[in-house]
Amino acid sequence: MSFTADRLLLFGATGDLSQRMLLPSLCALHADGLLSPDLQIIGTARSDLDDASFRNFARGALEKFMPADRRGSMGVFLNRLHFQPLDATQTEHFGNLAKAVGTPGQGLAIFLSTAPSLFEATIAGLVASGLTGPTTRIGLEKPLGTDLTSSRHINDAVAHAFPEDRIFRIDHYLGKETVQNLLALRFANIMFEPLWNAAHIDHVQITVAETVGLEGRVGFYDGAGALRDMVQNHMLQLLALVAMEPPSSYNATAVRDEKVKVLRSLRRVAADETVRGQYGEGAISGKAVPGYVGELGQPSDTETFVAIKAHIDNWRWHGVPFYLRTGKRLPHRVTEIVVNFRPVPHSIFGGPNATGGASTPPNQLVIGIQPEENITLSLMAKVPGLDREGLRLRRVPLNIAMADAFAGPQRRIAYERLLLDLIEGDQTLFVRRDEVEAQWDWVDAIRSVWDAGGLAARPYPSGTWGPTSAIALAERDGVTWHE
Ligand code: BG6
């Protein structure tokens with residue numbers, strides 16, 4: 001049923017995500033007139049706050065996490081906020097919550113960003129208090145389980161109260177502008193699609209590198225690790241968008257149907273196709289940083305780095321490896337997709353190994369997602385000159401910096417887009433149950449391979465690109481990671 005919610009209920013309203021992302025995003029949407037004047041936002045958490053103290057709390061978060069020039073109408077925005085304390089394990093608390101929500105004119109959007117252990121109790125409380133009717137939709141923040149079994153358990157509990165078309169599973173990478181631009185690049189231009197296959201692409205690399213370490217997330221991260229925290233969701237979504245067949249239209253069903261086909265075509269990974277790593281002491285931007293175990297305060301084998309050679313078993317990608325790597329405490333923050341094309345079939349200039357500057361290395365397309373949003377296509381060009389010593393060629397970049405090409409439009413953080421889509425009910429950028437389960441299925445198999453082989457996390461110094469075996473993983477195929 002299509003409706004624009006006029007009540008937004010935020011679970012975990014005093015949490016880190018709320019302060020850094022949700023409240024600033026809502027305030028920005030408000031400032032730009034994108035929220036209906038009727039929209040009321042009800043925050044809930046265990047904290048013993050009332051409307052006034054929650055508004056103060058939100059003001060503090062906005063002042064800390066929102067650029068000053070975007071806070072113009074903060075005062076009016078704060079008036080939309082209300083608060084109702086709640087212990088999600090106490091079903092009777094939900095009665096007061098329902099009273100605080102009141103009767104929406106159009107509908108209710110719920111955003112659940114709480115510990116997964118509270119999901120079932122929360123859903124039960126929502127059902128008991130009548131907050132799950134046909135004009136309620138629910139957004140679920142990760143982590144949605146720790147493996148396929150626990151994810152199914154959560155999905156079943158949610159499905160008990162909401163049909164799939166009212167469940168919005170968040171993967172915030174899908175809210176990123178450049179990730180959506182990947183679809184525009186592939187499907188709004190004629191020149192890529194004919195080349196986008198095994199006949200013309202040699203391999204693809206996807207890197208999500210972070211410089212941050214544990215960031216105080218001790219309780220959560222050590223039980224998760226990089227495979228579950230980053231590969232299971234963000235990296236597999238990027239891979240699916242790169243590899244999927246053209247959907248028939250840009251809508252939730254068509255796009256998600258194509259993504260899930262890719263996810264289901266992922267081949268089981270062999271033991272020698274993965275590398276686990278854990279950062280040790282080192283330096284980031286010249287500053288000394290402690291190792292993971294030092295930050296954690298106890299021994300641990302949790303991986304903070306993963307590299308995987310993945311294969312998609314279908315016609316389009318037969319024999320094309322997808323090299324994935326992600327890690328914390330790497331030299332710099334970068335998320336990028338690198339598409340490496342095959343060499344020209346016959347070089348009239350002397351072939352790929354020609355000397356004298358006439359070699360023809362293959363074209364490369366680099367899609368920069370963050371921090372720089374740019375698309376760079378490397379092309380071969382002739383070095384100007386009279387060529388008395390033979391013609392010389394050089395790789396030159398055809399570079400589109402999105403910030404220059406679109407200097408006008410406001411750059412928006414992922415949660416602005418996702419919250420607005422949740423309020424308005426567009427599921428295209430949310431993950432469907434079958435996708436999540438296909439993702440877990442593949443990731444669980446990797447964990448089993450690790451367990452069976454007793455694959456320990458190999459140490460790497462902070463500020464380096466992971467264990468040397470990650471470099472070897474690509475280099476034994478003659479591939480160099482793009483840096
Ligand atoms: C989150 C992970 O989903 O994504 C974090 O839990 C990670 O560990 C974060 O730091 C990265 O997101 P972004 O948008 O900063 O790339």
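Going from the fewest other Cβ atoms within 10 Å to the most, the residues Asp147, Asp156, Asp202 appear in the order Asp156, Asp147, Asp202.
Anisotropy class assigned to the chain is prolate, per the alpha carbon gyration tensor with a/c at or over the 1.5 cut-off and a/b larger than b/c. Loop-located chymotrypsin sites (Phe, Trp or Tyr not before Pro) across segment 185-227 with a Cβ neighbour count of 15 or fewer within 10 Å are Phe192, with loop assigned by DSSP. The residue list Pro362, Gly454, Thr274 was ranked by how far each Cα lies along the charge dipole of the chain toward its positive end, using unit charges on Cβ atoms, and Pro362 comes out on top. Each residue in His93, His332 was given a count of other beta-carbon atoms within 10 angstrom of its own, and listing them fewest first yields His332, His93. Over every Cα atom in segment 343-464, the radius of gyration and the widest Cα-Cα span, Dmax, amount to 23.4, 66 Å. Remark: the His160-Val344 segment gains 60.7 nm on full extension, using 0.36 nm per residue and subtracting the alpha carbon distance.
Subtract the Cα-Cα distance of Ala283 and Leu185 from 0.36 nm times their separation in residues, and report this length gain in nm to one decimal.
Working: separation 98, 0.36 × 98 = 35.28 nm, distance 3.67 nm.
Full extension from Ala283 to Leu185 adds 31.6 nm.
With a cut-off of 15 Å on the backbone N, the residues of segment 233-251 near the modelled label site 7 Å out from Asn197 along Cα-Cβ are 243-247. Electrostatic tally near Ala5: other residues with Cβ closer than 9 Å to its Cβ, Lys and Arg +1, Asp and Glu -1, net 0.
With both labels modelled 7 Å from their Cα along Cα-to-Cβ, the Thr253 to Glu483 distance reads 4.8 nm. Measuring max minus min along each principal axis, the C-alpha atoms of segment 150-281 give extents of 47, 44, 30 Å (largest first).
Which shape class, rounded, prolate or oblate, goes with segment 239-292 when its Cα gyration tensor gives a ≥ b ≥ c as root eigenvalues, a/c under 1.5 marks rounded, and past that a/b bigger than b/c marks prolate? Intermediate values should be presented prior to the final figure.
Values: a/c = 4.96, a/b = 2.14, b/c = 2.32.
Oblate, because a/c is 1.5 or more while a/b does not exceed b/c.
For Lys64, a cut-off of 14 angstrom between C-alpha atoms picks up these aspartates and glutamates, skipping any fewer than 8 places away in its own chain: Asp16. Taking the C-alpha atoms only, the angle from helix 177-187 to the longest principal axis of the chain is near 50 degrees.
No lab work stands behind these numbers, since they all come straight from the coordinates. Just so it is clear, the model here is predicted, and its values are computed rather than measured. For neighbour counting, all protein chains shown are included, and Cβ atoms are generated from backbone atoms with ideal geometry for every residue, glycine included.
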